[in-house]
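Structure first, commentary second.
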Amino acid sequence: MNNPVGIFYSYYPFEDAVAWENCIRRAAAAGADSIEVSTMRLVRESTSVQDRIKKVANEAGLQLSFTTGLPCGCDTSSDDEAQRRNGIRFIADNIRLVQQMGGHVLGGMFHGHNHLPRAGELAQKEHRLANAAESVREMAKVAEACGVVLADEPVNRFESETINTVDEELAFLDRVDSPWVQAVVDTFHMNIEEDDLPAAIKRAGKRIAHVHLAENNRKLPGRGHMDWGAILQALSDAGYSSFLTMESFTIPYANISDSMCIWRDMRSEGTDEDVKSAVAYVKGIMAGIS
């Protein structure tokens, strides 16, 4: 097994202005093969900044992977048609940016806005899923035209009531019915929701288009109780050969504390030291998997 191992850019602290080049160079120095960037943020940057990110990553020997989210006013599962259209347009812009930057997969929660569930929403779940499927089918047309696969992500019950498990995600993909929409598997969310992580990965199989690695405590791999040997073996058995992005959040600061509930510094040795050892840890396990 020889997948590229990467780090999500926001592992490195940022506020409203992201030090993109700094993140890229630190990831490369830690031995990563890739860095995942947020097109949700990049669409707000100038073309010159976008081009510079691509150039610096290439110079550093890093591949770029891409993820996004739906901002406020863009809920693709809403009954408000304006919100749905806003969401479709926003993701269409993200897809075109990924194409421009040479990417082929865009991960994210396309089926709705990520928020803490509110009272009474369970009764609307089926209706919201129908709205979401219609919205994502529209996104898929843009994705196909650009040659970019959308990887839709189920998240845990504390972040959304809509799609929490791999099986719910697979049912949603059946409803959307487009080869240009596949699944993300994220081990942090799976640890909360799945009875058996390797078995869930096996069920997802060839429909996995992107992977996020994080411990049960959202630390970097190797700093929790996850069975990484079994997880990585399952991904290999599923034929998954693309990015393994470590999406961990371990340092409390405004943007992350508010959205990810990170309230204490959970680093072991230091920001860069922890990434370096986590990359080596994942690659060491992969080396033993055929």
Using DSSP to define loop residues, name the GluC sites (Glu not before Pro) in the range 191-287 whose beta-carbon has at most 13 other beta-carbon atoms within 10 Å.
-> Glu269
Can you tell me the Rg and the Dmax, both Å, for the Cα atoms in the chain?
-> 17.8, 51
Projecting the Cα atoms of Ala30, Val155, Val136 onto the charge dipole of the chain, where Lys and Arg contribute +1 and Asp and Glu -1 at Cβ, the residue farthest towards the positive end is Ala30
For the range 212-232 and the range 1-76, write down the distance between their C-alpha centroids in whole Å.
-> 22 Å
The simple spin-label model distance between Ala60 and Arg44, using points 7 Å out along Cα→Cβ, in nm, is 2.1 nm
Under 25 Å from the Cα of Lys55, which lysines turn up, not counting those fewer than eight places away in the same chain?
-> Lys276
Taking the Cα centre of the range 153-219 as the origin, how large is its charge dipole in debye, to the nearest 20, when only Lys and Arg (+1) and Asp and Glu (-1) carry charge on their Cβ atoms?
-> 260 debye
Averaged per residue, the 1.4 Å probe accessible area of the chain, protein heavy atoms only, in Å², is roughly 42 Å²
Go ahead and estimate [θ] at 222 nm for the chain from helices alone: -39,500 (n - 2.57) per DSSP H run with n ≥ 4, summed, over the residue count, rounded to 500.
-> -13500 deg cm²/dmol
Identify, among Ser290, Ala60, Asn217, the residue whose Cα sits farthest towards the positive end of the charge dipole of the chain, taking +1 on the Cβ of Lys and Arg and -1 on the Cβ of Asp and Glu, with the dipole about the Cα centre.
-> Ala60
Potential lengthening between Arg175 and His127 on full extension [0.36 nm per residue; Cα-Cα distance subtracted] = 16.0 nm
Want the number for Asp51 to Asn22: 0.36 nm per residue separation, take away the alpha-carbon distance, what's left?
-> 8.9 nm
Please give the contour-minus-distance gain from Ile289 to Asn156: 0.36 nm per residue of separation, less the Cα-Cα distance, rounded to one decimal in nm.
-> 45.0 nm
Cβ-placed point charges (K, R +1; D, E -1), dipole of the range 1-160 about Cα centre in debye, nearest 20 | 220 debye
Run the accessible area of the chain with a 1.4 Å probe and give the carbon-and-sulfur part as a rounded percent.
-> 49 percent
Debye, to nearest 20: dipole size of the chain, +1 on Lys, Arg Cβ, -1 on Asp, Glu Cβ = 660 debye
So what is Rg over Rh here for the range 231-290, counting just Cα atoms and using Kirkwood for Rh?
-> 1.08
Of Cys72, Cys146, ordered by accessible area with the largest first and a 1.4 Å probe, the sequence is Cys72, Cys146
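The values are calculated or read from the model by the stated rules, or taken from the named source; none is laboratory data. Here the structure is a predicted model, which means the values were calculated and not measured. For neighbour counting, all protein chains shown are included, and Cβ atoms are generated from backbone atoms with ideal geometry for every residue, glycine included. Accessible surface areas use protein heavy atoms only, side chains included; no ligands, DNA or RNA. Shrake-Rupley method; radii C 1.70, N 1.55, O 1.52, S 1.80 Å.
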